[in-house]
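To keep things clear, I will list the structure first and then write my remarks on it.
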Amino acid sequence: MTNTPMIRMASVDKHFGELHVLRDINLEVASGQVVVVLGPSGSGKSTLCRTINRLEPIDSGTIEVDGKELPAEGKALAALRADVGMVFQSFNLFAHKTILENVTLGPLKVRKASKSDAEKNGLALLERVGIANQRDKYPAQLSGGQQQRAAIARALAMKPKVMLFDEPTSALDPEMVQEVLDVMTTLAADGMTMLVVTHEMGFARRAAHRVVFMSDGEIVEDAAPDAFFSSPTSDRAKDFLGKILTH
Amino acid sequence: MGVIVEQFPLYAQGFLQTLRICLFSAVGALVLGTILAGFRVSPVPPLRMVGSAWVTVFRNTPLAVVLFAVAFGLPELGVNGSYFYFGVIGLTFYTAAFVCEAVRSGINSVSAGQAEAARAIGLTFSQSLSLIVLPQALRTVVPPLGSVIIAMIKNSAIVGAFGVGGDLFANGVQLTSAQGYAAGAVLIGVLLGYLVLTIPGGILLGVLERKVSVAR
Ligand SMILES: Nc1ncnc2c1ncn2[C@@H]1O[C@H](COP(=O)(O)OP(=O)(O)O)[C@@H](O)[C@H]1O
Ligand SMILES: [Mg+2]
């Protein structure tokens, strides 16, 4: 592990008009670390996630990925995004491309890989997430769980330095949640740096090194999973845990 | 009705001239209009301004005025050419504004998540537009684009009347005014000429529409 954090956010602020969605965010994620972000709906978790690859620009503060500050819109930003994998709640697979095409598009067009290399690597990734047999289907022909696993494979195909997950299982039917969490758990065990917004407490306990709790745009707690779940220090975290654990 | 048979070569020549004006202008307007639509959704504010200024100016100006401005404005700027050339440029500029709006509404019909996912894997703005968004926009863009092109075919008569000449409409006018044929019969021939362009055009569009709606 190097000293440079994979993600560094310092004094980050962001508004949506009047709404102050991110308040003085300071967060470092070391290489190889898995950080789970928890918090009530509307607390700014998605926005936090999306600022890291600049899908949302920030008002002030700094964000660095692997020691490099986020560039402004343009080629340099595209290059940085290629190194940051992102998995969305709604999968967002390219609807007009087959599963294999989804996984090979980035390597072909961004990494300028050869077709045979891209397909070989793409198939290996589809194999790894257990959907190699779906390679020639279109996204709409797959179940939600399969689509999300394909989306993870698409992100991994870029050989990213870090992976961001924004509620990857929230749009799934309950019986499909586990297959996606299993893929993520394996990824975490393999040493991938991950920032995961999720309500899956089991995953947070099992795979996370740290839990970050957000409320009203602020990071309220930042602790090891055990410590956070057994003895949250803030009232807001206690209140939040009380609500979700009673369900 | 004899005029149509007697003057068939003139009709045919007019038909070909109209076809030429339309082909050049259609290709020009589709390319330019798509680029302008890209401008309108681009993250670069000056490009967005160019796109919306273009649409505002050309959509709200009568074609005849656009043609006038092109034919008299371009030579002022040192660009010289035939009336045919100016006519095609004017019709292209004008039609591009409508193509731009049709393509832009198609782009907006594609869910924002598609473009976000494209950018998230490191595609540049133009790659995400050309590889991900536009192919999916095609489905919703074909029908309105068809109307734009059919309107353009009809507008080519104004180009002909504007001094380009030799097209279906101008030749029709010549037959009635200079050669004294009865206007009604001449116009039926002219009308048939346009229908030969627009009706198969419409059928072709229908086929295309079905094709892109099957392809995902
Ligand atoms: N594009 C946007 N424009 C305006 N407000 C937004 C936008 N995206 C999110 N918000 C608002 O910002 C707040 C934080 O949203 P979000 O980051 O999605 O929270 P979370 O993911 O924790 O539910 C919410 O109040 C939400 O309504
Ligand atoms: Mg969210």
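The values are calculated or read from the model by the stated rules, or taken from the named source; none is laboratory data. Remember, predicted model here, so these are calculated numbers, not experimental data. Glycine gets a Cβ as well: all are built from the backbone with ideal geometry, and neighbour counts include every protein chain shown. These accessible areas exclude ligands, DNA and RNA; they are computed on the full protein's heavy atoms, side chains included. Shrake-Rupley method; radii C 1.70, N 1.55, O 1.52, S 1.80 Å.
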- Query: To the nearest 10 degrees, how steeply does helix B:63-76 sit against the main Cα axis of chain B, on a 0 to 90 scale?
  - Reply: 90 degrees
- Short version: ³J(HN,Hα) in whole Hz for each residue of the range A:59-66, in order, from phi by Karplus 6.51 cos²θ - 1.76 cosθ + 1.60 (θ = phi - 60°), x for Gly and Pro, what are they? 7, 7, x, 10, 10, 10, 10, 6
- Message: Rounded to the nearest 100 Å², what is the buried accessible area between A and B, both sides summed, probe 1.4 Å?
- Response: 1900 Å²
- Note on the structure: In Å², rounded to a whole number, the accessible area per residue of the range B:2-215 with probe 1.4 Å is 47 Å²
- Message: On the principal axes of its Cα set, how long, how wide and how thick is chain B? Give whole Å, largest value first.
- Response: 68, 46, 23
- Note on the structure: Restricted to chain A, the DSSP antiparallel beta bridge percent, nearest 5, is 55 percent
- Message: Within 10 Å of each Cβ in A:80-88, how many Cβ atoms from other chains are there, averaged over the peptide?
- Response: 3
- Quick one: check the C-alpha center-to-center distance for the range A:128-198 versus the range A:1-79, whole angstrom. 22 Å
- Query: Can you give the FRET efficiency for residue B:5 and residue B:77, using 1/(1 + (r/R0)^6), R0 = 51 Å, r = Cβ-Cβ distance, to the nearest 0.05?
  - Reply: 0.65
- Between the range B:174-212 and the range B:92-150, what's the alpha-carbon centroid distance in Å? 30 Å
- Query: Taking K and R as +1 and D and E as -1, what net charge do the other residues with C-beta under 15 Å from the C-beta of residue B:171 add up to?
  - Reply: -1
- Item | Amide H contacts of residue A:56 (H built 1.01 Å from N, under 5 Å, at least 5 apart or other chain) | A:51
- Task: Would you work out if the range B:126-216 is rounded, prolate or oblate? Take a ≥ b ≥ c from the square roots of the eigenvalues of the alpha-carbon gyration tensor; rounded if a/c is under 1.5, else prolate when a/b is larger than b/c, oblate otherwise.
- Result: prolate
- Cα-based Debye curve of the protein assembly as shown sampled at q = 0.05, 0.09, 0.10, 0.11 Å⁻¹ gives log₁₀ I(q)/I(0) of -0.29, -0.72, -0.82, -0.91
- Expressed in nm², what is the orientationally averaged projection area of the convex hull enclosing the Cα positions of chain A? 13.6 nm²
- How far apart, in nm, are two points set 7 Å out from the Cα along the Cα-to-Cβ line at residue B:53 and at residue A:189? 6.0 nm
- Task: Using +1 at the Cβ of each Lys and Arg and -1 at the Cβ of each Asp and Glu in the protein assembly as shown, identify which of B:51, A:52, A:85 lies farthest towards the dipole's positive end.
- Result: B:51
- Query: Of all the accessible heavy-atom surface of chain A, with the other protein chains kept in place and a 1.4 Å probe, what percent is carbon and sulfur?
  - Reply: 48 percent
- chain A, relative contact order [Cα under 8 Å, separation at least 6], %: 26 percent
- Query: Counting Lys and Arg as +1 and Asp and Glu as -1, each charge on the Cβ, what is the dipole of the protein assembly as shown about the Cα centre in debye, to the nearest 20?
  - Reply: 1080 debye
- Item | Whole-Hz couplings from phi, Karplus 6.51/-1.76/1.60, listed for the range B:95-102; x for Gly and Pro | 5, 4, 4, 6, 4, 4, 5, 5
- Query: When the accessible area of each residue in the range B:80-122 is compared between its chain alone and the complete protein assembly (1.4 Å probe; ligands, DNA and RNA ignored), which residues differ by at least 20 Å², being lower in the assembly?
  - Reply: B:113, B:114, B:116, B:117, B:119, B:120, B:121, B:122
- Query: Relative contact order of the range A:100-178: what whole-number percent is it, with Cα pairs under 8 angstrom and at least 6 residues apart?
  - Reply: 35 percent
- Surface accessible to a 1.4 Å probe, residue A:199 within the full protein complex, Å²: 80 Å²
- Using the beta-carbon distance between residue B:112 and residue B:185 and R0 = 56 Å, what value does 1/(1 + (r/R0)^6) give for FRET efficiency, to the nearest 0.05? 0.50
- Query: Against the longest principal axis of chain B, how steep is helix B:45-59, in degrees 0 to 90 to the nearest 10, with axes from Cα atoms?
  - Reply: 30 degrees
- Message: For chain B, what does the relative contact order come out to in percent, with C-alpha contacts under 8 Å and a separation of six or more?
- Response: 30 percent
- Query: Using the heavy atoms of the protein chains alone and a 1.4 angstrom probe, what is the accessible area of chain A per residue in square angstrom?
  - Reply: 43 Å²
- Task: For residue A:214, enumerate residues with amide H under 5 Å from its amide H, sequence gap 5+ or separate chain, H modeled in the peptide plane.
- Result: A:38, A:39, A:220
- Item | Sulfur and carbon atoms: percent of accessible area, chain B [1.4 Å] | 71 percent
